[in-house]
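Here is the structure we will look at.
Any read-out appearing in this document is the output of simple, stated calculations on the displayed coordinates, not a laboratory observation. Nothing here was measured: the structure is a model prediction, and the numbers come from that model. Because the Cβ atoms are built from the backbone with ideal geometry, glycine has one as well, and the counts that use them run over all protein chains shown.
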Amino acid sequence: MRVVSQKGVFFMKNTFKFLGTVAFAAVIGFSMAACDTGSVNGGDGLPPGGDGSVTFTPGAPMTFPVVDEHGAPVSVSPAINFTDVRETDGYSQWPMAISAIAATPGEWEVRLDGDTLSVMLGTPMETALTHASDWLDDYRAQLIPHTGSFSASTGVRILVINGFTVAGQSIHWEQAALFPSYGHAFFVYANIAGTASGVLRFYDGGRLEGTIAMNMDLRRGWNTATTTLVVDPGSGIFSYTIVSGEPGADFRWVLE
């Protein structure tokens with residue numbers, strides 16, 4: 001029986017750490033499109049991309065319970081105000097100060113008080129946005145050799161927020177699942193509506209190692225999206241999907 005290589009496991013799990021709901025019933029002053037405006041479900045192995053559009057209301061953040069990396073509830077006192085966001089290009093990640101990317105910093109809030117996370121995201125500066133095609137190019141650059149391609153709608157510029165950090169502490173949106181399944185959720189801001197999609201297959205010594213299928217149907221403004229990794233325990237071949245849509249109740253915010 002073949003097991004996925006250690007390099008592959010660490011690579012994919014680290015990617016998930018960089019990318020990026022607990023029940024949305026806990027949301028206060030947060031609205032998400034309730035009607036199904038139609039999901040993007042293309043051919044060539046593309047997974048369905050749903051509507052993950054998010055509307056943040058100034059002064060009314062959305063709230064979530066938080067757990068530690070072992071799944072136990074946390075109790076933070078005094079409250080933590082996260083001042084940086086973690087952004088990724090699929091290959092690396094870095095913190096960016098909210099004050100340096102927010103058009104109006106007062107419209108942003110990321111605060112953990114006790115066991116409750118409050119999140120309110122405002123409008124990013126234009127200079128904080130990256131062309132979606134460039135983001136995809138950076139993402140694809142690490143997968144050599146590979147076949148297939150990614151593409152994005154013309155003019156779409158995005159900001160990907162996969163977590164928040166301050167003073168060595170970080171918090172991210174993780175799926176409560178065990179190997180061989182693993183997932184994260186993240187926020188994507190888009191300057192206009194558009195899509196980012198495609199399928200990549202990459203190889204090691206001519207043998208298929210895995211498939212990455214992306215299908216994000218982005219609406220103007222903030223969106224939520226999820227990444228999911230599933231590894232076949234027999235062959236070690238992984239299937240990695242990135243789709244827009246509302247995270248399920250098995251996703252939780254984890255403080256590390």
Could you work out how far apart the two model spin labels at Ala193 and Asn81 are, taking each label as a point 7 Å from the Cα in the direction of the beta carbon, and quote it in nm?
-> 3.7
Ordering of 146-157, 163-174 by packing [mean C-beta count within 10 Å, highest first] | 163-174, 146-157
HN-Hα J in Hz across segment 197-212 - Karplus 6.51, -1.76, 1.60, θ = phi - 60°, x for Gly and Pro | 8, x, 10, 10, 10, 10, 10, 9, x, x, 9, 5, 9, x, 10, 10
Ranked highest first by average number of other Cβ atoms within 10 Å, how do 107-118, 64-75, 208-219 line up?
-> 208-219, 107-118, 64-75
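Fully extended, how many nm does the chain gain between Asp134 and Arg207 (0.36 nm per residue separation, minus their Cα-Cα distance)?
Details: separation 73, 0.36 × 73 = 26.28 nm, distance 2.80 nm.
Length gained between Asp134 and Arg207: 23.5 nm.
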Approximate spin-label separation Ala103-Ala249, in nm, with each point projected 7 Å along Cα-to-Cβ | 3.6
